[in-house]
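A.B. asks: Submitted below is the structure of interest, expressed as structure tokens.
Every read-out reported here was derived from the displayed coordinates using simple, explicitly stated rules and does not represent laboratory data. Everything quoted here is computed from the prediction, not taken from an experiment. Using ideal geometry, Cβ is built from the backbone for each residue, glycine included, and neighbour counts are taken over all protein chains shown.
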Amino acid sequence: MRQDKVLGEFIVNGNRQQTAFAPHKTLLEVLREDLELTGTKHGCELGECGACTVLVDGKPVLSCLVLALEAQGRAIDTIEGVADGPNLHPLQDAFAELNGSQCGYCSAGVILTARKLLESKPNPTRDEIKRALGGNICRCTGYIKIFEAVELAAAKLRGEDAQPTKETLYGH
Ligand code: FES
Ligand code: FES
């Protein structure tokens with residue numbers, strides 16, 4: 001059956017972009033299939049895994065549960081906009097340094113959720129990090145590496161000369 005498309009405008013990572021899309025599509029589908037931003041991952045499509053997390057107007061949102069029509073004209077941040085040109089965000093650096101990312105399927109959602117946390121709370125406790133990331137499921141890391149990477153990035157963002165320790169690099 002032929003599906004008519006609508007023309008929509010999205011503000012993604014600060015850039016206004018127009019695209020034609022089928023009106024039943026979710027924000028996740030439009031990001032990946034119509035705007036070719038495949039860093040946002042397609043997981044359960046049920047709101048359970050967090051892989052599809054993006055920021056909408058600065059807040060973490062499960063893009064598999066939002067109609068693209070509803071996201072028009074709102075500020076959408078995806079993993080493609082997290083680095084500053086060639087310079088990785090401290091969260092990306094810390095995840096790479098501490099192996100907070102293994103297969104990487106959860107990483108975009110985790111990093112965007114963590115970015116929002118560190119913007120509102122620059123020095124979170126381990127429990128606050130756990131709570132903030134409670135909706136982001138990782139099947140690989142066991143979470144400790146993720147929590148340590150967020151703590152290292154938080155310290156770097158606070159301007160501290162933080163370095164990985166032997167324990168965070170090689171395990172406990
Ligand atoms: S794909 Fe959206 S929560 Fe799993
Ligand atoms: S790194 Fe594989 S799902 Fe998290």
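A.B. asks: Using only C-alpha atoms and all pairs of different ones, pull out the Kirkwood radius for the chain in Å with one decimal.
C.D. replies: Taking every pair of different Cα atoms in the chain, averaging 1/r and inverting gives 16.6 Å.
A.B. asks: I've got another one for you. Near the amide H of Ala75, under 5 Å away, which other amide H atoms are found, from residues 5 or more places off or on another chain, if H is placed in the peptide plane?
C.D. replies: Asp57
A.B. asks: Let me ask another. With θ set to phi - 60°, apply the Karplus curve 6.51 cos²θ - 1.76 cosθ + 1.60 along the range 146-159 and write out the HN-Hα couplings as whole Hz, x wherever there is a Gly or Pro.
C.D. replies: 5, 4, 5, 5, 5, 5, 5, 4, 4, 5, 5, 5, 7, x
A.B. asks: Something else: Among 50-63, 136-149, how do they line up from the highest to the lowest mean number of other beta-carbon atoms within 10 Å?
C.D. replies: 50-63, 136-149
A.B. asks: Under a point-charge model restricted to the Cβ atoms of Lys and Arg (+1) and Asp and Glu (-1), what is the dipole moment magnitude of the chain relative to its Cα centre, in debye to the nearest 20?
C.D. replies: Once rounded to the nearest 20, the dipole reads 260 debye.
A.B. asks: Would you mind giving the average projected area, over all directions, of the Cα convex hull of the range 90-165 in nm² with one decimal?
C.D. replies: Mean shadow area of the hull around the Cα atoms is 4.4 nm².
A.B. asks: Follow-up. Please report the antiparallel percentage of DSSP beta bridges with both residues in the chain, rounded to the nearest 5.
C.D. replies: Approximately 90 percent, going by the DSSP bridge assignments.
A.B. asks: May I pose another question? Rounded to the nearest 500, what is the 222 nm mean residue ellipticity of the chain from helices alone, with -39500 (n - 2.57) per DSSP H run of 4+ residues and division by all residues?
C.D. replies: Estimated from H runs of four or more residues: -8500 deg cm²/dmol.
A.B. asks: With a cap of 11 neighbouring Cβ atoms within 10 Å, and only residues DSSP puts in a loop, list the GluC sites (Glu not before Pro) found in the range 1-82.
C.D. replies: Qualifying residues, ordered by number: Glu36.
A.B. asks: Considering Cα pairs under 8 angstrom that are at least six residues apart, work out the relative contact order of the range 90-165 and quote it in whole percent.
C.D. replies: Normalised by residue count, the contact order of the range 90-165 is 46 percent.
A.B. asks: Along the charge dipole of the chain, Cβ charges K/R +1 and D/E -1, which of Gly8, Cys49, Leu28 sits furthest on the positive end?
C.D. replies: The residue sitting farthest along the positive end of the dipole is Cys49.
A.B. asks: Would you work out the relative contact order for the chain, in percent, from Cα pairs under 8 angstrom that are 6 or more residues apart?
C.D. replies: For the chain, the relative contact order is 21 percent.
A.B. asks: What ranking, highest mean first, results for peptides 108-115, 11-18 when packing means the other Cβ atoms within 10 Å averaged over each residue?
C.D. replies: With the highest mean Cβ count within 10 Å placed first, the list reads 108-115, 11-18.
A.B. asks: Amide H of Thr26: which non-local residues (sequence gap of 5 or more, or other chain) have their own amide H closer than 5 Å, using H built in the peptide plane?
C.D. replies: The list, which skips near neighbours in sequence, is Ala68.
A.B. asks: Let me ask something additional. Taking the 0 to 90 degree range and rounding to the nearest ten, how far is the long axis of helix 107-120 tilted relative to the main principal axis of the chain, both from C-alpha atoms?
C.D. replies: 70 degrees
A.B. asks: Along the Cα→Cβ direction, 7 angstrom out, place labels at Ile11 and Glu167. What is the inter-label distance in nm?
C.D. replies: In this crude label model, Ile11 to Glu167 measures out at 4.4 nm.
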